[in-house]
1. Can you list residues whose amide H is under 5 Å from TRP409's amide H, if they're 5+ apart or on another chain and H is modeled 1.01 Å from N?
2. ³J(HN,Hα) across the stretch 39-44 via Karplus (A = 6.51, B = -1.76, C = 1.60, θ = phi - 60°), whole Hz, x for Gly/Pro?
3. Karplus couplings for the stretch 174-188 from phi (6.51 cos²θ - 1.76 cosθ + 1.60, θ = phi - 60°), rounded to Hz, Gly and Pro as x?
4. Which residues in the stretch 354-386 have a backbone N closer than 14 Å to a point placed 7 Å from the Cα of LYS210 along the Cα-to-Cβ line?
5. Calculated FRET efficiency, ASP462 and ALA265, Cβ-Cβ r, R0 30 Å, to nearest 0.05?
6. Are there any GluC sites (Glu not before Pro) in the stretch 432-482 that are in a DSSP loop and have at most 11 other Cβ atoms within 10 Å? List them by number.
7. Among (1) 30.0; (2) 26.0; (3) 27.0, find the value of Kirkwood radius over Cα pairs in Å that was calculated from the structure presented, and write down its label.
8. Give, in nm to one decimal, the length gained when the segment between LYS338 and ILE274 is fully stretched (0.36 nm per residue of separation minus the Cα-Cα distance).
Amino acid sequence: MSDYSPEQLNKVQSCLNDRYENQQRLFPENDVFVKRLAEELWDRLLAAKRIDVKKAQQMINADTMRHENVREIGAEWMSYNIWNQLELTRFLQSKGWEEEEIQLAATQIISRAVYPASELKTSLWIKENSAVCELTGYNPYSITKDKLYASALKLYSIKDQLEQHLSARTNELFELEDKIILYDLTNTYFEGRKLNSKLAKHGRSKEKRKDAKLVVLAMVVNVEGFIKYTAMYEGNIADCATLESMIEKLATHTCSHKPIIVLDAGIATEDNLILIKAKGYHYVCVSRTKIKDYTSVAGKGKVLLQTKNKQEIQLKAVATEKHTDYFLEVTSAAKAKKEEGMKHSFEQRIEEELQKVSNAIQRKGGIKTTEKVYERIGRIKEKYPSIHSQYIIETRINKETNQVIELKWSKDESKEATKQESLGIYFLRTDLEIKDEAVTWNIYNTIREIESSFRCLKTDLDLRPVYHQNDDSTMAHLHLGILAYWLVNTMRHQLKASGINHSWSEIVRIGNTQKVVTTTGTNTFDKVIIVRKCSEPAHKLTVLLGILKIKHQPFTKRKSVVHKSELKKNESAISGVLGPP
């Protein structure tokens, strides 16, 4: 290059840089020797592979970069992997479902788990907030609330088959044997009048919604929290009236052997316990009444245990002539303290009510007629059935006018003492021949798992209230929540095994820290680069994904290159990346 001046060499360098960066010169180079050397050197650079034209094309002007179509994907990605673990796609294929129907079902159940809401809100969330359809393959812009309604109804039409499949699949996945199963009921309330509903009835609401009609959900779960069977009943059905139909379903929804059935006191009537034994099952339950005439079992002393909440309880094996079952007296100081507080509250309320009746008797124009006064006292007793027997209520009546002129009340000291002694004491009952008191307690204590399941359904999965106005939609809504719970419990079961006891809402919060985003920018060759990429998972999410053995990213990168002048007519081709056309 000795034949070229320094000025010419600088021009050659400038020409090479402009060509590499695809920049057009404002004034063309007129020096023929500079142009010839620049061309020769460019060819030599290409031949020697000293420059990478493709890499140059990827260089984006930072000022042109835009980030858009940001969606949540972390919680959906974990849920989608659980869907595949449960082999739900294969199951629905075996039932003759079309691919699009399966994709919609997966989209809806995952959405119900991650974002429990109405069908209308769910459809908006799928279109505007979530990347769930990028996982399931369903077109998000074709989703409507009516399609979601129809999908939920179709899923409910195969409810029993779905529950059998999921029960068997989770037993297979985690090598479960269902030696103990738990049965309990809860209810959820409706918003609206529900005039034409056969399910919605007024009953005893566990949410204290006396104004609202109810529907009862009965559920059988194993000690790991996996559902074996569910049923929906009228809101006013008695707890004890639901057991027989549940017993009939157990054989097809659990393992071949006969499991131990754990019941709460509301279901454990004498008739139901006889029914359980007649069907060849064993039971552990809370006695519906506090037995009175009992004695300690010979050779058995008191056993002290500490619960998970660090509360001490005392166990004592007892026997009664009236029953052949094994009874266990449980004494809990924490329960006694709670019952003491409730007792004091009820005493205060009943005395306030009686004082109102007394004030009316003394007041001019107040209610004094004997029948009316007794009617008011009767309503008070009905309102406080657990406490009124401790009171001696006396009235002084004017026989001539048939009016009550004085009302007095006092506590029956003997009954008060008996009540005080029984605080914090209840009895477990079983037909099993168990010699260890702690084993009986531990078997019964598994019922906490079904309480946890109901709590997750009602809070994390927002099963209450129900807004649907016809019974089919109501049952499909409840069933959809139960299907979402399968995803939740399958994931949480695996996390619990590794010491992660997060609530579902916390898992979703952690999952939502991972996003997928579309980045666009113009390169040096005037082409628009479009990249769809997932963010790196945060540390907490990385831990969860590692335990669940799930890839850290659903997909690494999706890229397309469009010449800027052709971008407008190619919008439909890339609408799946950027959004709706």
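Values in this text are rule-based calculations from the coordinates and carry no lab data. It should be emphasised that the depicted structure is a prediction, and the values quoted were computed from it without experimental measurement. All Cβ positions, glycine included, derive from the backbone under ideal geometry; neighbour counts span all protein chains shown.
1. HN-HN under 5 Å from TRP409: GLU394.
2. With coefficients 6.51, -1.76 and 1.60, one gets 5, 5, 5, 4, 5, 5 Hz.
3. Rounded to whole hertz, the list is 10, 6, 9, 10, 6, 6, 10, 10, 10, 10, 7, 10, 9, 9, 9.
4. In the stretch 354-386, the label zone of LYS210 (backbone N under 14 Å from the point 7 Å along Cα→Cβ) covers 379-385.
5. Computed FRET efficiency for ASP462 and ALA265: 0.55.
6. Numbers: sites: GLU433, GLU437, GLU449, GLU451; in loops: GLU433.
Of the GluC sites (Glu not before Pro), the ones in loops of the stretch 432-482 whose Cβ has at most 11 other Cβ atoms within 10 Å are GLU433.
7. (1)
8. Values: separation 64, 0.36 × 64 = 23.04 nm, distance 3.27 nm.
The LYS338-ILE274 span can extend by a further 19.8 nm.
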